[in-house]
Amino acid sequence: APESKDKNLAFEKALKGDYELMQSEILSPLAVQFQNHVKSSRQGKLKADTPGVLSGKMFFADDALKAGLIDSIGSLDKAVQKA
């Protein structure tokens, strides 16, 4: 509808190669929300000064354990038993 000129604007611009609105209105707020959730959920465990820990870097299990992103490394069976 003409009254809904802003609906899906970020997506329409992204389809045309302009990602600024998508980043500022959708992606950045989601990233900040996720970072805050990780910090609060891993409080006292997370080593937030570890490079990449809050910026989307991928960590293998040993490094994730060192950074405080996980509590332990185990098998699927161990996870199922714990759950």
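What follows draws every value from the coordinates through simple rules; no lab data is involved. The structure displayed is predicted, hence computed values, not measured ones. Please note: Cβ atoms are built from the backbone with ideal geometry, for glycine as well, and neighbour counts cover all protein chains shown.
Numerical summary
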item	result
Positive-end residue of Met22, Ala1, Phe34, charge dipole of the chain with Cβ unit charges	Phe34
Stokes-Einstein D (µm²/s) once Rh is taken as the Kirkwood radius of the chain over alpha-carbon pairs, at 4 °C in 1.567 mPa s	82
All lysines inside 24 Å of Lys47 as judged from Cα atoms, apart from same-chain residues fewer than 8 positions distant	Lys39, Lys57, Lys66
The chain: angle of helix 28-41 to the longest principal axis, Cα-based, in degrees nearest 10	20
Cα-centred dipole magnitude for the chain, charges only on beta-carbon of K, R (+1) and D, E (-1), debye, nearest 20	320
Within the chain, helix-based [θ] at 222 nm, where runs of 4 or more DSSP H residues each add -39,500 (n - 2.57), nearest 500	-12000 deg cm²/dmol
Length-normalised contact order for the chain - Cα pairs under 8 Å, 6+ apart - percent	16
Under 18 Å from Lys45, Cα to Cα: aspartates and glutamates that are on another chain or at least 8 residues apart	Asp62, Asp63, Asp71
Extended-chain gain in nm, criterion 0.36 nm per residue less alpha-carbon gap, Leu76 and Leu27	14.4 nm
Under 21 Å from Lys5, Cα to Cα: lysines that are on another chain or at least 8 residues apart	Lys13, Lys16
